[in-house]
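Written below as structure tokens is the structure these notes are about.
The values are calculated or read from the model by the stated rules, or taken from the named source; none is laboratory data. These figures come from a predicted structure and were not determined experimentally. Glycine gets a Cβ as well: all are built from the backbone with ideal geometry, and neighbour counts include every protein chain shown. Side chains are part of the model used for accessible areas, which takes the heavy atoms of the whole protein and leaves out ligands, DNA and RNA. Shrake-Rupley method; radii C 1.70, N 1.55, O 1.52, S 1.80 Å.
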Amino acid sequence: MEYREALAEKIPDARRDWPFRGPHFSQEMVARYPQEARIYTTINADLQIFLEDLLAVEVAKVKAEGITNAAAVVIDNQTHQLVAAVGSAGFFNHQDQGQVNGYLAPRSPGSTLKPFVYALALERGLITPAHYVEDVPVLFSGYSPENYDSTYSGLVSAQEALQRSLNVPAVNLLAALGGEALYELLKKAGFTTLTPVNHYGLSMVLGGCEVNLLELTNLYAALAGSGKKYPVQTRLDRGNSPPLTLFSPGVAYIITEILTEVRRPDLPTCWEFTTLPKVAWKTGTSYGHKDAWSIGYNPRYTVGVWVGNFSGEGRAGLSGAEMAAPLLFAIFAQLNSDTTVSWFTPPVTVKKRAVCAVSGQTPGLFCTPLRTDYYLTDCSPEVECTFHQTYLLDPATGYRLPPHYYSAARVTAEQVYLQYPPRVAAWLEANGQPVETLPPLLPEWQKILPGGAPVVRSPSADYIYQIRRGIPLEYQKICLEAAAGNDVRQLYWFIDGEFYGQTKPGERLFYLPEPG
Ligand SMILES: [Zn+2]
């Protein structure tokens, strides 16, 4: 498609008779290459027209709901060319700021960055798709992430957590990676909308930063490109730069498999499953329903869609699943109509194995049932299931015996108990769900058995607690709370080496700090 410099010299104030397509893109090109009279770009005219018309029609439908704009881009994964780019639903619509270029505007990404945290965690060996993640209330430096629907699931697989877009597991994973990992990835990927210093913290993975649609879509294109990110090419007469490796091919493949799952909660309610094109995709909704996103890819194309208001106003109906995803699928239906796409094939580092269906870890002798899970031969965890543990019992008294206990006078028996991680067990119990309790330990052994250390949930180790002036001290008590394995009956609290009090696991104790 060819654009003349004159096209965007002066913004016309009325629709002209000649074809006026891709105005935002043309403006961008002219601004970038002001000296050149002719620029041969990568935009596919037919696709551009299809996208502009689609967005105009769809936005007209939802205007009554106070939703006035949309933007969309399409990247060809094989040539890395930008083949369509729509900046707004109507360039001449002054009332709704139609001249704003929506695919370059910095906006909150909602949940659309989550797949990249899971990708980093896969690469670091923290998870596999079936590996458990904790979905229970947590507190980070005074920050407590909540799920979209304010509920928790206790224990879920990493795959399910990403597909359901749960907030707590995503924040937990980012914390485990080191809070800056996502920021570092986006900097490496060349995101231009981030501030120079990372002040985002863990909420970044929930959309607590700004990105633009084009750069976000190109990050997804790296998942389609075996983990390699190419600069987006916009000119036919310019060669492309070499790629940047963001992920290994195995990581990109597994994340793609997770995002390709069809039956998901973020599927638009209006959609019929039978006509859904095969796409790896994710939706996002920013805080306050201000931005609706859906980004998806197949081996041939990566498509990004944003719906919202340039004024920044939120609307109850603005959700990625309901507003952006239907547009994404409509675009893929159009793209697929003239190409046949064979799906991604697994690289050699991706294999399948049987894992414990409860923990997702490699099975021990007593794990049942089992399930099949993908893993990476070069980095996935090999830890044997920590949930299904065998304990030695004294059938005569019912007491539990220490490991390796032997006495000629006593008959012993082994029994398997399901032991959840302490925080999960405490949450399940507090929510009335059955948790297997270990029988008490043989009385004469109770004091010397080294058990699993309790986990202090509050106060947080990486948070400085300060007494604020002007607020009565009794309102500034610090909560002491710890989770422990369910064989623990009593917890003893020491402050600076001095005994302070005792609680049961999950119970709270309050400490009034003194100035100084
Ligand atoms: Zn197990």
Test for Q78: is it touching a helix residue (DSSP H, G or I) at 6+ places or on another chain (Cβ under 9 Å) and surrounded by fewer than 20 Cβ atoms within 10 Å (Cβ to Cβ): no
Unmet requirement for L51, which otherwise passes all of (1) within 22 Å of the chain's Cα centre (by Cα); (2) at pLDDT 95 or above: (1)
The stretch 342-368: number of residues that are near the ligand (Cβ under 9 Å from one of its atoms) and in a loop (DSSP other than H, G, I, E, B): 10
Test result for V57, open to solvent by 50 Å² or more (accessible area, probe 1.4 Å) and out of contact with any helix residue (DSSP H, G or I) (no Cβ under 6 Å at 6 or more places or on another chain): yes
Among residues of the stretch 348-375, those that are open to solvent by less than 40 Å² (accessible area, probe 1.4 Å) and under 30 Å from Y301 (Cβ atoms), counted: 3
Set R371, R410: member being within 11 Å of the ligand (Cβ to nearest atom) and either farther than 17 Å from E436 by Cβ or free of Cβ contacts under 8 Å to residues at least 12 places away in the same chain (or both): R371
E436 being within 16 Å of the ligand (Cβ to nearest atom), open to solvent by 80 Å² or more (accessible area, probe 1.4 Å) and farther than 26 Å from T151 by Cβ: no
Residues of the stretch 376-407 satisfying the condition of being within 16 Å of the ligand (Cβ to nearest atom) and more than 20 Å from P443 (Cβ to Cβ): P381, E382, V383, E384, C385, T386, F387, H388, Q389, T390
Enumeration of residues in the stretch 331-357 that are small (G, A, S) and more than 24 Å from the chain's Cα centre (by Cα): A333, S337, S342, A354
Every pair of residues 6+ apart whose Cβ atoms lie under 7 Å, when the first sits in the stretch 374-403 and is in a strand (DSSP E or B) while the second is open to solvent by 70 Å² or more (accessible area, probe 1.4 Å) and charged (D, E, K, R): Y374/K352; Y375/K351; T390/E414; L392/E414
Unmet criterion (only one of (1) open to solvent by 20 Å² or more (accessible area, probe 1.4 Å); (2) away from the ligand (no atom under 16 Å from the Cβ)) for G320: (1)
Filter pass, V416 being more than 30 Å from F50 (Cα to Cα), open to solvent by 30 Å² or more (accessible area, probe 1.4 Å) and within 16 Å of the ligand (Cβ to nearest atom): yes
Every pair of residues 6+ apart whose Cβ atoms lie under 7 Å, when the first sits in the stretch 492-504 and is over 20 Å from P422 (Cα atoms) while the second is open to solvent by 90 Å² or more (accessible area, probe 1.4 Å) and not in a strand (DSSP E or B): none
Given (1) modelled with pLDDT of 90 or more; (2) polar (S, T, N, Q); (3) farther than 21 Å from S226 by Cα; (4) in the same structural domain as L54 (by TED's automatic domain parsing), number of the condition S359 does not satisfy: (4)
Where V262 falls short, out of the listed (1) at pLDDT 95 or above; (2) in contact with a Leu (Cβ under 7 Å, 6 or more places away or on another chain): (1)
Total residues in the stretch 324-347, condition in contact with a Ser or Thr (Cβ under 8 Å, 6 or more places away or on another chain) and surrounded by 16 or more Cβ atoms within 10 Å (Cβ to Cβ): 6
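Yes/no per residue for (1) closer than 18 Å to G308 by Cα; (2) part of a loop (DSSP other than H, G, I, E, B):
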residue	(1), (2)
L47	no, no
A71	yes, no
S88	yes, yes
F92	yes, yes
G125	no, yes
E146	no, yes
Test for G179: is it of a type outside the set (K, R) and surrounded by 16 or more Cβ atoms within 10 Å (Cβ to Cβ): yes
Any hit, the stretch 106-113, residues being touching a Lys or Arg at 6+ places or on another chain (Cβ under 7 Å) and among the aliphatic types (A, V, I, L, M): no
